[in-house]
1. Within the chain, which complete DSSP H helices have Cα atoms spanning at least 15 Å along the helix axis and a mean Kyte-Doolittle hydropathy of -0.5 or higher?
2. Considering the Cα trace of the stretch 142-213, what is its radius of gyration and what is Dmax, both in angstroms?
3. Can you compute the helix-only [θ] at 222 nm over the chain? Use -39500 (n - 2.57) per DSSP H run of at least 4 residues, normalise by all residues, nearest 500 deg cm²/dmol.
4. So for each of 24-31, 9-16, 156-163 I average, over its residues, the number of other beta carbons within 10 Å; can you give me the resulting order with the highest mean first?
5. Cut-off under 20 Å on the C-alpha distance; same-chain residues fewer than 8 positions from Lys97 excluded. Which aspartates and glutamates are left, in chain and number order?
6. If you project the alpha carbons of the stretch 3-114 onto the principal axes, what extent comes out on each, in Å, largest first?
7. Just need the Rg to Rh number for the stretch 9-74, please, alpha carbons only, Kirkwood Rh.
8. Using a Förster radius of 30 Å, what is the FRET efficiency between Ile123 and Ser145 based on their Cβ-Cβ separation? Nearest 0.05, please.
Amino acid sequence: MNPYLQRFLPMVDFLAEVLGKDAEIVLHDVLDIDKSIVAIRNSHISGREVGSPATNLVLRILKDGKPDDRDFLSNYRGLSASGKALKSSTFFIRDEKRRVVGLLCVNVDNEKFVQFRSYLDAIIQLPEEADGERTVERFSRTVESLSSDSIENVIGEVGIAPERMSPEEKMDIVKRLSDEGVFLLKGSVGKVASRLKVSEATAYRYLNTVKKDS
């Protein structure tokens, strides 16, 4: 294990004991995104385990070069593989050159509290808060589901069946998937090619064009 992460192993247990069974604590090694989870407590919340892959948010951070100089992201929305909404926060673990080498994540299942708030709102007739549009982090149990879910989400947003897409529309799909960091995952080009009804060589050509234009 990366030595920078070893010192955070006790923190995983500490936070799990302090925050209780409704808080999942996860330690990621971003140098091995296909099986980035090296420690996890209260894994029943997301259904993941040691050896599970990184999330779509982690891929985006690595692809974009974020989080820049920020030390953490807090209180954003997470989504488990079963569709459970979570309140998530991530602390960036850096080496001596300020490069992100790991992540310490806290994912809180607020379902019981949300239900209680709804009960209180019904009693005192408080208006619901309007939530602005935010990036949703999805937790996948396997590398295959991480790449497949990302591909399906992007194609679903376009709303056109792949067999009816023009080459330009398919290249736009590849660009959006590249922006999401999907091609950091092994075997993703083949999956995209199969889903877009093109050859793997064509998918690579699209990807190379996207990289040249970016």
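None of the figures in this text is laboratory data; all of them are computed from the coordinates on show. All figures in this text were calculated on a predicted structure; none of them were measured in a lab. For neighbour counting, all protein chains shown are included, and Cβ atoms are generated from backbone atoms with ideal geometry for every residue, glycine included.
1. Those that clear 15 Å and a mean of -0.5 are 9-19, 111-124, 143-158.
2. Cα-based Rg and Dmax for the stretch 142-213 come out at 10.9, 31 Å.
3. -13000 deg cm²/dmol
4. Highest-to-lowest ranking by the protection proxy: 24-31, 9-16, 156-163.
5. Asp29, Asp32, Asp64, Asp68, Asp69, Asp71
6. Extents along the principal axes, in whole Å: 41, 28, 24.
7. Values: Rg = 12.5 Å, Rh = 12.7 Å.
Rounded to two decimals, Rg over Rh is 0.99.
8. 0.15
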